[in-house]
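Novice: Structure in structure tokens, see below.
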Amino acid sequence: PYRIAVFASGSGSNFQALLDSARAGTLGAQVALLVSDKPESPAVERARAAGVPVFVFTPKEYESREAYETLVLEELNKAKIDLIVLAGYMRLLTSVLVEPYTGRMINIHPSLLPSFPGKDAAGQAVSHGVRVSGATVHFVDGGMDTGPIIAQRAVEVLPEDSATELQLRIQEQERLLYPEVVSWFAAGRVKLEGRRVLLF
Ligand code: GAR
């Protein structure tokens, strides 16, 4: 089977959606590993509850990002991972992971990129006063939310929305969109050629 590793730092609602889709048979992939930089996160608890192997690390115990990413890379190789799926993994990656997984690493971000990259995308959207925001799934490159775009879902911003309210409605769409995009990968329907995304 097609094997994915999910990277998550937080609540793990996207991770849970991927687990549920795998269990339902609609993902077309096995969730073979959870990687987390937050040993106490709900995402790690969800993995344990589902019987998914977990690799956790504490970044401040390492000299550099490269040092812990080298260990993560070993785990990915051992687990024969086909695709890395970032799901609320709140750290930039170095070339240690980005280079070997070019075209095989995706991220989801709670805005219509290239608007509002980085932290608190929903808060940025509310502050700016946009009427439409959404979610974006994209390939990961060395930058912050800058890689080639694979799929997007629009979400209306309502007049009285707080950042939290908008974020929650965006996350509802993320939980639908991300498993669908992963299923495209598992079926061999997505390719990256340079910076062009090909969908079959
Ligand atoms: C998601 O909304 C995801 O798009 C966002 O973090 C949230 C994680 O929620 N990611 C980023 O902002 C990355 N720049 P979750 O832990 O419940 O899946």
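Novice: Before we move on, is Gly88 near the ligand (Cβ under 10 Å from one of its atoms), outside any strand (DSSP E or B) and farther than 15 Å from Ala163 by Cα?
Specialist: yes
Novice: Report, by residue number, each residue of segment 49-64 that is within 16 Å of the ligand (Cβ to nearest atom) and open to solvent by 20 Å² or more (accessible area, probe 1.4 Å).
Specialist: The answer is Ala49, Ala50, Val54, Val56.
Novice: Here is a follow-up. Please verify whether Gly143 is of a type outside the set (A, V, I, L, M, F, W, C), surrounded by fewer than 20 Cβ atoms within 10 Å (Cβ to Cβ) and at pLDDT below 95, treating the condition exactly as stated.
Specialist: Yes.
Novice: Let me ask you something else. I need a count of the residues in segment 49-104 that are of a type in the set (Ser, Thr, Tyr), closer than 26 Å to Ser183 by Cβ and touching a residue at least 40 places away in the same chain (Cβ under 8 Å).
Specialist: 2
Novice: Is it the case that Lys38 is open to solvent by 10 Å² or more (accessible area, probe 1.4 Å), more than 16 Å from the ligand (Cβ to nearest atom), more than 22 Å from Glu172 (Cβ to Cβ) and not aliphatic (A, V, I, L, M)?
Specialist: No, not satisfied.
Novice: If Tyr178 passes every condition in (1) free of Cβ contacts under 8 Å to residues at least 40 places away in the same chain; (2) in a helix (DSSP H, G or I) but one, which one does it miss?
Specialist: Unmet for Tyr178, out of (1) free of Cβ contacts under 8 Å to residues at least 40 places away in the same chain; (2) in a helix (DSSP H, G or I): (1).
Novice: In segment 100-137, which residues are more than 16 Å from the ligand (Cβ to nearest atom) and either open to solvent by less than 50 Å² (accessible area, probe 1.4 Å) or within 18 Å of Pro148 (Cα to Cα) (or both)?
Specialist: Matches in segment 100-137: Pro100, Tyr101, Thr102, Gly103, Arg104, Gly129, Val130.
Novice: A further question on this structure: Are any of the residues in segment 75-87 modelled with pLDDT of 95 or more, farther than 14 Å from Val6 by Cβ and in contact with a Ser or Thr (Cβ under 9 Å, 6 or more places away or on another chain)?
Specialist: The answer is no; no qualifying residue exists.
Novice: Exactly one condition in (1) open to solvent by 10 Å² or more (accessible area, probe 1.4 Å); (2) in contact (Cβ under 8 Å) with a residue 60 or more places away in the chain; (3) of a type in the set (Gly, Ala, Ser); (4) more than 11 Å from the ligand (Cβ to nearest atom) is not met by Ala24; state its number.
Specialist: (2)
The values are calculated or read from the model by the stated rules, or taken from the named source; none is laboratory data. The structure presented is a predicted model; accordingly, all values stated were derived computationally and were not measured. Using ideal geometry, Cβ is built from the backbone for each residue, glycine included, and neighbour counts are taken over all protein chains shown. Calculation scope for accessible area: heavy atoms of the full protein, side chains included, ligands and nucleic acids excluded. Shrake-Rupley method; radii C 1.70, N 1.55, O 1.52, S 1.80 Å.
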